[in-house]
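Notes follow the structure.
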Amino acid sequence: MNLTSSPSKAGAASRYVFEATGLIKDFDDGQVHALRGVDLQIEDGEFVAIVGPSGSGKTTLLQMLGALDRPSEGTLKYRGESLLDLPDPAAYRAHEIGFVFQAFHLLPTFTASENVQIPMFEDHKSRAERQERALELLKAVGLEERVNHYPAKLSGGERQRVAIARSLANSPSVLLADEPTGNLDSESANHVLDLLRSLHADRRMTLILVTHDMSIAACAQRAIQMKDGCAVFDGDPAKLSIHRIA
Amino acid sequence: MTFLDVIIRGLKRRPLRTGLTLLGISVGIAAVVALIGLSRGLVTSWTAGMRQRGTEIVVSNFRGSLTPKPFPAFTRDRIANLPGVAATCTILVDLMGIENAELMIVSGREWGCFAWENLKLVSGRMPNDQNEHAVVLGTNAADILKKKIGDTVQIETEELTVVGIANGGAFVENGSVILPLPLLQQITGNHDQISAIDVRVTPGMNDAGIRHLCDEMNKLIPEGHAEPAGEHIASSEGYRVINAMSWGTSLLAILVGVLGVTNTMLMSVFERKQEIAVLLALGWRPSRIVRMILWESALLGFLGGIIGVLLGIIGVQLLKMAPALRGMLEPDLRTNLMLEAIAIAVFVGVLSGLYPAWRSSRVAPSLALHG
Ligand SMILES: Nc1ncnc2c1ncn2[C@@H]1O[C@H](COP(=O)(O)OP(=O)(O)OP(=O)(O)O)[C@@H](O)[C@H]1O
Ligand SMILES: [Mg+2]
């Protein structure tokens, strides 16, 4: 696999999308241990929920997977290739990974369509192609009526759907979502969750979702429970016992 | 949406701040246009005046002083017979306050020489001879002094009659008070002294020939300096001082603009840190972020440059009306200067964006999730 020239979506050199061994992340010169040796394999097309109390390292783990930061120690592979010596991390983030944030992070001075087009600047699309693709994606998330709306004119749920459309801009194979429903009321949350589930089901995307919400975790095929920077449970979400959470 | 739209949106985000920053740069650029336009106007106006008089070479003595120093009139005899010299005209020029006008060009011209030929009478007549106590006013000079034929003009202690009003074909000529040389020498106490010799060369002589002739003259006249007309102004001490002061003032104003743009762009990068991190998380390369910041500040510079040029043109029109400058020079506001000013503004923009852009390239993408 070569991350720079031919994205790996076609042929997989490894059966795992992500493979981490002994993943450690320290902050503040080793005073804060955010991850203390995480071992993890995630298969192509899996829907994994990551749960755990605040400060347990969920977001930090997501950052490592998305190559937003480097681990202090350990190995981390994406489809068999080390993420630690990526020749072009930007290309990896642009083409392999889609990010969805709790706070949406839409750009306020851009319309829904324009926000969706932002990642496409790194993808050699023409202006018309970008526009067309944005429209197609906004249709896919049910927002064809909101194409030219600015974020301020959209509800929270609509904003997150725009953000999801944006994460799909360059057709990544993996979605990393950090509490995507954390800022939403339950109705919008359900809508967003349904959308993410259908992306996983219909597009065969690997979906890794951090959540505090047990009912959301229950939708996943697999749950990983974090505690003090370690993965203390990895398995069927149904077997997550309530006392282990929060 | 194009990348340019992204850049424009970035500036529109904070319209007030962007507006104030634009004002900051544009003041600097306006200073460039106004001051440099005026000082270059000095050269172009005087050169145009020379051209109207048909003068190709000027012998003068600007050395070490702001205004030309008088030198003996007999200097002319040493160069008048050089091969290539067609005609000469001795002139005494002075800048004086006349009545209510603070500074007027007073030009005493050798009687009967070619420097009178370009004066086209609009009304009245030429002096009858070089001893008549009479002056001819350029059309602008007549306006400034509010004189008509038959009025008197007080120059130093002497009262002279306005006998003619003439169009000299160039701004400086029209702003001048013109009288026969001996009269001005007498009024100013510069007996047998002149401040310039206008030289006409034989028709058809090229620039190289003119330069060569200047060199020949300079070997013969230690008290003066021969130069092609126009260059004698550009190389004069006075012009250099004016030019240096204009640039000095402009550069100070530009420096203020640089600090303004740097500050604005730096604030903009700081307050958009998380947004930049999000863009990085979405796959933008750090180089694209750097380009975005540099383009934003270049665009600030460009727009500031355009506004500055407009302000400068307005400023120049006001400065031109200043009593000390009226009738003395026409500002040189050719497109060249405008383009230079806008180029300076864009350069200022890019320069000011360098440090903020560098800062933007150091934003950690992890900030997108860990805000
Ligand atoms: N940049 C940083 N500098 C210092 N410490 C950090 C940094 N980022 C995270 N940490 C620390 O690392 C630990 C794990 O943080 P992380 O954000 O991964 O937790 P989390 O499980 O996502 O928590 P939450 O549910 O509150 O989002 C915390 O103790 C946090 O304070
Ligand atoms: Mg978190």
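The values are calculated or read from the model by the stated rules, or taken from the named source; none is laboratory data. If you're wondering where the values come from, they're calculated on a predicted model, not measured in any experiment. Virtual Cβ from ideal backbone geometry, glycine too; neighbours counted across all protein chains shown. Remember, those area values only see protein heavy atoms, side chains included, never the ligands or the DNA or RNA. Shrake-Rupley method; radii C 1.70, N 1.55, O 1.52, S 1.80 Å.
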task: Using the heavy atoms of the protein chains and a 1.4 angstrom probe, tell me the accessible area per residue for the protein assembly as shown in square angstrom.
output: 43 Å²
message: Could you identify which residue out of B:295, B:284, B:247 has the top mean-square fluctuation in a GNM of chain B using Cα springs shorter than 10 Å?
response: B:284
- line: For segment A:99-116 the residues that are at least 20 Å² less accessible with all protein chains than alone, 1.4 Å probe, are A:99, A:101, A:105, A:107, A:108, A:109, A:110, A:114
query: When the accessible area of the protein assembly as shown is split by element with a 1.4 Å probe, what percent falls to carbon and sulfur?
result: 55 percent
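Let me have the 222 nm mean residue ellipticity of the protein assembly as shown computed from DSSP H runs of 4+ only, each contributing -39500 (n - 2.57), with the sum over all residues rounded to the nearest 500.
On the way: 20 runs with 261 residues, N = 617.
Dividing the helical sum by the residues of the protein assembly as shown leaves -13500 deg cm²/dmol.
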- prompt: Using alpha-carbon pairs under 8 Å, 6+ residues apart, how would you state the relative contact order of segment B:64-223 in percent?
  reply: 33 percent
message: Restricting everything to alpha-carbon atoms, can you work out Rg to Rh for the protein assembly as shown with a Kirkwood hydrodynamic radius?
response: 1.29
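How long are the semi-axes of the ellipsoid equivalent to chain A, from square roots of 5 times the Cα gyration tensor eigenvalues, in whole Å, largest first?
28, 22, 16
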- prompt: What trypsin sites (Lys or Arg not before Pro) does segment B:123-231 have in DSSP loop regions with at most 13 other beta carbons within 10 Å?
  reply: B:125, B:146, B:148
- prompt: Looking at the protein assembly as shown, which Cys residues are left with no other cysteine's beta carbon under 4.7 Å from theirs?
  reply: A:219, A:230, B:214
query: Can you tell me the Rg and the Dmax, both Å, for the Cα atoms in segment B:64-223?
result: 16.3, 47
task: Among B:135, B:168, B:106, pick out the residue whose Cα is farthest towards the positive end of the charge dipole of segment B:64-223, where Lys and Arg carry +1 and Asp and Glu carry -1 on C-beta, about the Cα centre.
output: B:168
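Taking every DSSP beta bridge that has both residues in segment B:64-223, what percent is antiparallel when rounded to the nearest 5?
70 percent
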- prompt: Distance from the Cα centre of segment A:153-174 to that of segment B:272-330, in angstrom?
  reply: 35 Å
query: B plus A alone minus the pair: what accessible area, both sides summed, probe 1.4 Å, in Å² to 100?
result: 2700 Å²
message: For segment A:53-152, what are Rg and Dmax over the alpha carbons, in angstrom?
response: 16.4, 47
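Only four residue types carry charge here, +1 at the Cβ of Lys and Arg and -1 at the Cβ of Asp and Glu. Report the dipole size of the protein assembly as shown about the Cα centre in Debye, rounded to the nearest 20. Kindly include the intermediate steps, with their values, before the conclusion.
Details: 58 positive and 64 negative charges, 235 e Å.
Dipole magnitude for the protein assembly as shown comes out near 1120 debye.
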statement: Beyond 27 Å, the calculated P(r) of segment A:79-206 holds a percent of Cα-Cα pairs equal to 16 percent
statement: quick shape note, chain B: Cα extents on principal axes in Å, largest first -> 93, 45, 33
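Using a ≥ b ≥ c from the Cα gyration tensor of segment A:136-184 (square roots of the eigenvalues), is it rounded, prolate or oblate, where a/c under 1.5 gives rounded and otherwise the larger of a/b and b/c decides, a/b for prolate?
oblate
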task: Grab the Cα-Cα distance for residue B:161 and residue B:69, subtract it from 0.36 nm times how many residues apart they are, and report the gain in nm with one decimal.
output: 30.4 nm
statement: Partner shielding of B:282-292, as the mean number of partner chain Cβ atoms within 10 Å, equals 5
- prompt: GluC sites (Glu not before Pro) within segment A:15-123: which are DSSP loop residues with at most 15 other Cβ atoms inside 10 Å?
  reply: none
message: Could you work out the pair-distance distribution P(r) of segment B:149-292 from its alpha-carbon pairs, with 5 angstrom bin width and percents rounded to whole numbers?
response: 2, 6, 8, 9, 10, 10, 9, 7, 6, 5, 5, 5, 5, 5, 4, 3, 1
task: Indicate, rounded to the nearest 5 percent, the antiparallel portion of the DSSP beta bridges found entirely in the protein assembly as shown.
output: 65 percent
task: Report the local net charge at residue A:17: Lys and Arg +1, Asp and Glu -1, summed over other residues whose C-beta lies under 10 Å from its C-beta.
output: -2
statement: Cross-link reach from residue A:227 to aspartates and glutamates, straight Cα distance under 18 Å and at least 8 residues apart if same chain, gives A:26, A:39, A:178, A:179, A:213, A:236
Sum of side-chain charges, residue B:85 neighbourhood, beta-carbon under 13 Å (Lys, Arg +1; Asp, Glu -1): -1
Choice from B:228, B:68, B:286 showing the highest fluctuation, given a GNM over chain B with Cα pairs closer than 10 Å: B:286
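How many percent of DSSP beta bridges within chain B run antiparallel, rounded to 5?
Counting only bridges with both partners in chain B, antiparallel ones make up about 75 percent.
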- request: For every other residue with a beta carbon closer than 14 angstrom to the beta carbon of residue B:104, add +1 if it is Lys or Arg and -1 if Asp or Glu, then tell me the sum.
  value: -3
